[in-house]
Amino acid sequence: MGDRRHFIETASAALGADPGVLDVRLSCLHETEPEGGPEGQGPFLNAAARVETTYDAVSLFDLMQRIEGDLGRERPQPWSPRTIDLDLLLFDDDLIDIPKLTVPHPRMHERKFVLVSLAEIAGDVIHPVMGQTINGLLNSLSC
């Protein structure tokens, strides 16, 4: 919702400004048709970021949630339109399954709109559960 490019750029800058974040590399922006959620939503604007951090996964996720809140993110219902949606897709080879966080993201390998952006910045990274590179996962969806 709103100025989608502005929200993505502001979120990326906020990540990079945090003292626990050493580097942020953002993919290109990709506009895609929405997947899931209420009928009549406009297109999504997606990007992926590769973040070098001193934080553990939960601390990075907490920072991402604070940034979402600072940018006006509300959660009235799952998959409803929002100003920004920051997902922690991967964290090294870690496997995390706690109530507030699942890593790798449980549906990322099924979502072309996620994999296209992620492949730009981490195409050779191997998904720790699927055992394939991000490029390989993307190619398997393209067939």
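Cβ contacts < 6 Å: first residue closer than 12 Å to R50 by Cα, restricted to segment 24-36; second residue β-branched (V, I, T) and part of a strand (DSSP E or B), any location; separation 6+ or different chain. Result?
V24/V51
Looking at segment 9-23 only, could you name the residues that are assigned to a helix (DSSP H, G or I) and either in contact (Cβ under 8 Å) with a residue 24 or more places away in the chain or at positive phi (or both)?
Within segment 9-23, T10, A11, S12, A14, L15 meet the criteria.
Out of the residues in segment 12-55 that are modelled with pLDDT under 95 and closer than 17 Å to I67 by Cβ, which is surrounded by the fewest Cβ atoms within 10 Å (Cβ to Cβ)?
Among those residues, the one meeting the criterion is L45.
Tell me which residues, restricted to segment 116-143, are among the β-branched types (V, I, T) and touching a strand residue (DSSP E or B) at 6+ places or on another chain (Cβ under 6 Å).
Residues satisfying the conditions are V116, I121, I126, T133.
Only residues that are assigned to a helix (DSSP H, G or I), under 17 Å from the mean Cα position of the chain (by Cα) and either of a type in the set (G, A, S) or over 14 Å from H30 (Cβ atoms) (or both): list them for segment 110-143, please.
Matches in segment 110-143: E110, S117, A119, A122, I134, N135, L137.
Checking the structure you have, find out if any residue of segment 75-87 is modelled with pLDDT of 90 or more and either assigned to a loop (DSSP other than H, G, I, E, B) or closer than 15 Å to V51 by Cβ (or both). Don't jump to the end; show me each part of the working.
Here is the first cut: in segment 75-87, the ones modelled with pLDDT of 90 or more are 86-87.
Among the residues that remain, those that are also either assigned to a loop (DSSP other than H, G, I, E, B) or closer than 15 Å to V51 by Cβ (or both) are: 86-87.
Looking for residues that are modelled with pLDDT of 90 or more and either assigned to a loop (DSSP other than H, G, I, E, B) or closer than 15 Å to V51 by Cβ (or both), one finds at least one in segment 75-87, hence yes.
The values are calculated or read from the model by the stated rules, or taken from the named source; none is laboratory data. Only a predicted model underlies this, so the values are computations on that prediction, with no experimental measurement involved. Cβ atoms come from the backbone with ideal geometry, glycine included; neighbour counts cover every protein chain shown.
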